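As C-alpha cells, the structure follows; a few thoughts come after it.
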Amino acid sequence: MILAPPTDPNHPNDHTLVEHHDDPTHPAYLIPELCRGFYTLGWVTGTGGGISIRKGENVYLAPSGVQKEKIEPRDLFVLTLKERDFLRWPVHKPLKQSACTPLFYNAYDLRNAGACIHTHSQHAVMATLLWPGSEFRISHQEMIKGMRRGGTGTAMSYLDTLVIPIIENTPDEEDLREGLEEAMRKYPDAPAVLVRRHGTYSWGPDAERAKGQAECLDYLLEVAVKMKLAGMETVGLQQ
Ligand SMILES: CSC[C@@H](O)[C@@H](O)C(=O)COP(=O)(O)O
Ligand SMILES: [Zn+2]
C-alpha cells in the first residue's frame, strides 16, 4: 500500500537525492531525459505513461498527471524499495507520485528490475485490439533478439517466439496491479505485459536495457499490426 507524501513537517525529506542534474547516469537526470524522448515517440503524450528507475534500494518516480516531457529533477519522488517509505518528495508544488507506482513495484519485486517503462503506444493499443485473446505472439523477427527472458534474464533468440500476456484495462491505473502481477507470475519468461486499449508495461535490468527492450517491443508490435492488417500470420514463416 502506497500512501501520499508525508505531511509531518519534521519528516526528513532528502533533496540531495535529486541533486545530480549533470550526471547522465543518475535517475534524477535520466527520468526527465527519457520522458522527453518517449514523448517524441508518442509513448507518454497527454500526461500518461512514464518510467521509474531503481538505484540500489531507492526507487525514483515521476509525478502523476503532469506533462511528462517537462519533468525536472526537482519534481521527482524517491521511495525505499522494501518499505516504500518516502525519502524525498517535491515541495515547490503539490504533486503526487505516479499512479503507476504499484505497477512499477511489481517489476522490482517480481523481476528484480532496475527500471520499468509504461507506454501509451498506439502500436500496443492496436495490437491488443487485433489480438482479442489473452496473448500476443510473434516469431521470426530479428528484433526478438533485443528482448530478454522475463525482461531481466538471458537474451532471446531469433528462433524464439515472443509471447506477451494481455490483461484487461481498469478505470483506475492502480487497479491494474493485481492483473499485472497475475500475468507476470503466469508468464515468467514474458519481458512485458500489454494492457488492452491502454499500452505496455516492460522492464529491464537497468534503464538503458529497459529502454532498448521497450523500443524492440514497440517495433515488433508495429510490425505485427501491419502484418495482421495485411492478412499475414505473425507466427511462422507464412508470407
Ligand atoms: C491520459 S492520463 C492516463 C493516466 O491516467 C494513466 O494511464 C497513466 O499512465 C498514469 O499516469 P500518471 O500521470 O503517471 O499517474
Ligand atoms: Zn497509463
Next on the checklist: Just to verify a number: what accessible area does E142 come out at with the full protein assembly present, 1.4 Å probe, Å² rounded to tens?
Outcome noted: 110 Å²
Checklist entry - Carbon and sulfur together cover what percent of the accessible area of the chain at a 1.4 Å probe radius? => result 51 percent
Checklist outcome for this item: With N residues in the chain, Rg(alpha-carbon) / (2.2 N^0.38 Å) equals 1.01
Item to check | Solvent-accessible area per residue, Å², over region 16-229 with all protein chains present [probe radius 1.4 Å] | outcome: 43 Å²
Checklist entry - Going down the table (K70/K145; K70/K228; K93/K186; K70/K211), which pairs top 29 Å between alpha carbons? => result K70/K145; K70/K228; K93/K186
Checklist entry - In the full protein assembly as shown, how much of Y219 is accessible to a 1.4 Å probe, in Å² to the nearest 10? => result 100 Å²
Checklist entry - Could you work out the helix-only [θ] at 222 nm for the chain, with each DSSP H run of four or more residues adding -39,500 (n - 2.57) and the total divided by the number of residues, to the nearest 500 deg cm²/dmol? => result -9000 deg cm²/dmol
Item to check | Accessible-area order (highest first, 1.4 angstrom probe) of the listed residues T152, T25 | outcome: T25, T152
Checklist entry - Of V163, V235, which has the most accessible area with a 1.4 Å probe, and how do the rest follow in descending order? => result V235, V163
Checklist outcome for this item: When every protein chain stays in place and a 1.4 Å probe is rolled, Y39, Y105 sorted by accessible area with the largest first are Y39, Y105
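The values are calculated or read from the model by the stated rules, or taken from the named source; none is laboratory data. Predicted model, so just to flag it, every value in this text is computed and none were measured. With ligands, DNA and RNA removed, areas are computed over all heavy atoms of the protein, side chains included. Shrake-Rupley method; radii C 1.70, N 1.55, O 1.52, S 1.80 Å.
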